[in-house]
Amino acid sequence: MKIEQVNNDIILTKTDHFNLKKTFECGQCFRWDEIEKDEFIGVVNGKVIHIKENNGTFTFYDTTEEYFNNVLVDYFDFNLDYNEIDKKISTDEHIKKCIEYGNGIRILKQDLFETIISFIISTNNNIPRIKKIISDLCERYGKEIIYKGKSYYSFPSYEDLKDITQEEFHELKMGFRDKYLVDAISKINSGEIDLDTITNMETAEAKKELMKIKGVGEKVSDCILLFSLKRLELCPMDVWVKRIFETRYGLTDLTFENGFNLAKNNWGEYAGIAQQYLFYYERETSKEK
């Protein structure tokens, strides 16, 4: 990977296994928007990030080398060798096909609180609607950021949201999720759930803590831990993954336990990365039919 500061921008070259569209549209994040072909804008930890991809060259606009190294290398997990991981999880012909199709997906390391709220909102929801609800939440309760004459908004902190009522969340079309959000925010603000403690816990214990929040079950807790704390061994099982395990891997009478065991036995410590390939391939190819 080669990083070069050119005026106010960072130019990234000689990197492989990085594709903006696949990474931002594989279901793990909801605050990145494609403004032109292969050009995206998102808000990361209160800063607007603007990236364009062109034949393997990535331009990070208005970004310093210090910020890139201190924040974005970790966020995009650029130090992880996906080529080696792909070799380890290429355990059958179907996953090999999915890996080839999804080449360029990277698991992001997102803010823990933002990920908790986002995946509570994602419950029984579709991606366009999730993005709209989160965008409205940020616009109403986040801080305005002006970038190139346009307004963007930070994701509100749990302190920003501590006095928001269930009714106010309901106005944002949260539906039945409004009470889960109030519960999550209340428990985090009171210290009953401590985000720093969860960050440093073993995965099984971290899951138990997260599942103290109403509405957070096995799937949502796995998503939170995979997409914010890099617990790459976790394999969130939504309707797509359940269908894959049943139709591609012959797993009948699917339960969380036997689905987890299938993922662990096949892909071990990188089951979460395998899951993203499987999910992305299944969802995208279904659109092509």
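The values are calculated or read from the model by the stated rules, or taken from the named source; none is laboratory data. The structure presented is a predicted model; accordingly, all values stated were derived computationally and were not measured. No Cβ is skipped: glycine too gets one built from the backbone with ideal geometry, and neighbour counts run over all protein chains shown. All accessible areas refer to the heavy atoms of the entire protein, side chains included, with ligands and DNA or RNA removed. Shrake-Rupley method; radii C 1.70, N 1.55, O 1.52, S 1.80 Å.
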Considering the chain as a Gaussian network with a 10 Å cut-off on Cα pairs, which listed residue, 156, 236, 128, attains the greatest mean-square fluctuation? 128
Give the residue list of trypsin sites (Lys or Arg not before Pro) in segment 131-209 that are DSSP loop and have at most 15 other beta-carbon atoms within 10 angstrom. 143, 148, 162, 173
Coordinate range along principal axes, alpha carbons of the chain, Å, largest first: 49, 47, 40
Sorted list, accessible surface of protein heavy atoms, 1.4 Å probe, largest first, for 84, 139 is 139, 84
Ratio of the Cα radius of gyration of segment 12-53 to 2.2 N^0.38 Å, where N counts its residues: 1.15
What is the dipole size for segment 4-104, taken about its Cα centre, with +1 at each Lys and Arg Cβ and -1 at each Asp and Glu Cβ, in debye to the nearest 20? 240
In square nanometres and to one decimal, what's the mean projected area of the convex hull around the Cα atoms of segment 1-73? 4.8
For segment 127-246, state the average projected area of the convex hull of the C-alpha atoms over all orientations, rounded to one decimal in nm². 9.1
So which aspartates and glutamates pass the test for residue 148, namely a Cα distance under 14 Å, with those fewer than 8 places away in the same chain ruled out? 62
If ligands, DNA and RNA are left out, what is the accessible area of residue 13 with a 1.4 Å probe, given in Å² to the nearest 10? 40
Arrange the peptides 189-198, 216-225 so that the one whose residues have, on average, the most other Cβ atoms within 10 Å appears first. 216-225, 189-198
Over what distance in Å are the Cα centres of segment 170-216 and segment 14-59 separated? 28
Output the pairs from 162/264; 96/207; 150/212; 37/187; 88/212 with a Cα-Cα distance over 32 Å in this structure; if there are none, say none. 162/264; 150/212; 37/187; 88/212
